[in-house]
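One structure is given here, and the rest of the page talks about it.
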Amino acid sequence: MYPLGRRSYPDERYYYGWWGAPVAIEPTDGEIKSRIVHRLRQNPHTKDSDLKVDVKQRVVILGGEVPSWLAKRAAGDDAWDTDGVVDVSNQIQIRPGPQTT
């Protein structure tokens with residue numbers, strides 16, 4: 001005896017919209033680093049430069065020397081364009097060119 005009738009639940013739990021949805025897996029720090037190093041080696045502005053890449057908690061720290069501001073900018077852009085990166089600290093130094101007198 002159910003005065004209001006039996007309570008029935010829907011087959012799909014509409015209040016759990018996230019249930020069963022694909023979970024986005026964030027890349028690890030090591031994966032981010034290898035992707036950035038690969039991009040820097042492919043980039044014509046940075047492939048001949050000695051650059052250091054460090055990643056901690058998805059924050060990228062770039063170091064080393066490049067011959068121009070364009071190479072520094074390209075390295076920073078490559079880091080920012082990598083999936084999983086939340087911040088970039090571009091500490092790359094621009095190598096001074098030969099002095100002309």
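Of all the criteria given as (1) surrounded by 14 or more Cβ atoms within 10 Å (Cβ to Cβ); (2) touching a strand residue (DSSP E or B) at 6+ places or on another chain (Cβ under 6 Å), the one not satisfied by Pro67 is (2). Only residues that are under 11 Å from the mean Cα position of the chain (by Cα) and either at pLDDT below 95 or surrounded by fewer than 14 Cβ atoms within 10 Å (Cβ to Cβ) (or both): list them for segment 85-99, please. Scanning segment 85-99 gives Val86, Asp87.
Looking only at residues of segment 28-64 that are of a type in the set (Ser, Thr, Tyr) and surrounded by 13 or more Cβ atoms within 10 Å (Cβ to Cβ), we find that the one that is nearest to the chain's Cα centre (by Cα) is Ser34.
The values are calculated or read from the model by the stated rules, or taken from the named source; none is laboratory data. Please read these numbers as outputs of a predicted model, since none were measured by experiment. Neighbour counts are summed over all protein chains in view; Cβ atoms, including those assigned to glycine, are modelled from backbone coordinates with ideal geometry.
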